[in-house]
Amino acid sequence: MTDDASTILVVEDDDATRSYLAENLAADGYALLTADCAGDGWRLLETKFPDLVLVDVGLPDGSGLELLRRVRAADGVSSRVDPATPVLVLSGRRGELDRLRGFDRGADDYVAKPFSYAELRARIAALLRRTQRRPGMGRLRVGTLELDPSSREVRVRGERVTLSQKEFSLLRTLASEPTRVWTKEELLRNVWGFRSLGATRTLDSHACRLRQKLGARGDHYVVNVWGVGYRLVDGPVET
Ligand code: CA
C-alpha cells in the first residue's frame with residue numbers, strides 16, 4: 001500500500017463477503033476500512049474520510065440506503081462527512097426498482113449480488129478516477145486563504161493555521177460565500193446546530209479568535225457587521 005492509496009470503506013454484515021472484499025481490494029493496492037453495521041460505517045465516515053464507500057443494502061441496524069441518504073444530507077460543516085463521497089451500493093436484490101431506489105438516494109453505482117469481483121473492481125476504479133478529476137474536491141480559496149475540508153487544513157499565504165473544530169466549521173461556512181453577510185442566527189445553526197440567543201457570545205468569541213489567527217500576518221478576514229453578523233471578506237475576492 002502506498003501513501004496515496006485510495007481508502008475504501010466496506011459496510012457489509014456478511015462476514016464472508018466482507019473479508020473477501022477486504023482481502024481482494026487490499027491485494028489490489030487499496031487501503032481498507034470495514035464495518036459490519038450502518039452505525040460503525042457512519043462513525044468511520046466521520047472520522048476516517050474514506051475516498052469511496054461500498055455499502056450493502058441489508059444491514060442489521062438499518063438499510064444501507066439510509067446510510068447513503070445520511071451521507072448525501074451531510075452539510076460537511078456540522079459533521080465532517082463529505083456529502084460528495086462516492087458510494088457504490090451492493091445489493092442482493094436485482095430488480096430494476098431496487099436499482100432505481102439506490103440511484104434516487106444518490107448512489108454513484110449499484111452492483112447486484114452475486115457480483116463478479118473483476119467487474120466490481122473496474123467500477124470502483126472508474127468512480128475513483130471520476131472523483132479525482134473533480135477540481136480541488138471542495139477545496140476553497142479566498143484571496144490568500146486556502147482551506148481543504150477533507151483534511152481540515154487551513155493556510156494563509158501558504159502558512160498553516162491551526163484551528164479548533166468549531167473555528168474551522170465557522171470559517172468553512174463563511175468561506176462558502178465569502179462576501180455574503182451571515183446572520184448570527186444562521187452561523188449558530190450551521191456551526192453549533194442550535195438556536196439560542198445566549199450563545200451569541202460563544203459565536204463572537206470564536207469569530208474573534210478566528211480573526212486573530214487568520215490575521216496574524218496582516219490579512220483581514222472575518223468582518224464583523226454590527227448588529228447583523230459576520231462575513232469573511234470586506235470587498236470583492238480574487239479567487
Ligand atoms: Ca447484508
- Between Pro114, Pro178, Pro86, which gets the highest mean-square fluctuation from a Gaussian network model of the chain, Cα cutoff 10 Å? Pro114
- How would you rank 93-99, 150-156, highest first, on the average number of other Cβ atoms within 10 Å across their residues? 150-156, 93-99
- Query: Around Asp61, with a cut-off of 10 angstrom between Cβ atoms, what is the net charge of the other residues, counting Lys and Arg +1 and Asp and Glu -1?
  - Reply: -4
- Task: Please pull out the direction-averaged projected area of the chain, using the convex hull of its alpha-carbon atoms, in nm² to one decimal place.
- Result: 14.5 nm²
- Task: Arrange the peptides 38-45, 56-63 so that the one whose residues have, on average, the most other Cβ atoms within 10 Å appears first.
- Result: 38-45, 56-63
- In vacuo Debye sum over C-alpha of the range 1-103, base-10 log of normalised intensity I(q)/I(0) at q = 0.10, 0.21, 0.22 Å⁻¹, listed in q order, is -0.26, -1.10, -1.19
- Item | lysines whose Cα lies under 22 Å from that of Lys48, excluding same-chain neighbours fewer than 8 positions away | Lys166
- Would you list which aspartates and glutamates come within 16 Å of Lys184, measuring only between C-alpha atoms, while excluding same-chain residues fewer than 8 positions from it? Glu167, Asp204
- Under the helix-only model (-39500 (n - 2.57) for each DSSP H run of 4 or more, divided by the residues of the chain), the mean residue ellipticity at 222 nm, to 500 deg cm²/dmol, is -11500 deg cm²/dmol
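Only the coordinates and a few stated rules stand behind these numbers; no lab work does. None of the values given here were measured: they were computed from a predicted structure. Virtual Cβ from ideal backbone geometry, glycine too; neighbours counted across all protein chains shown.
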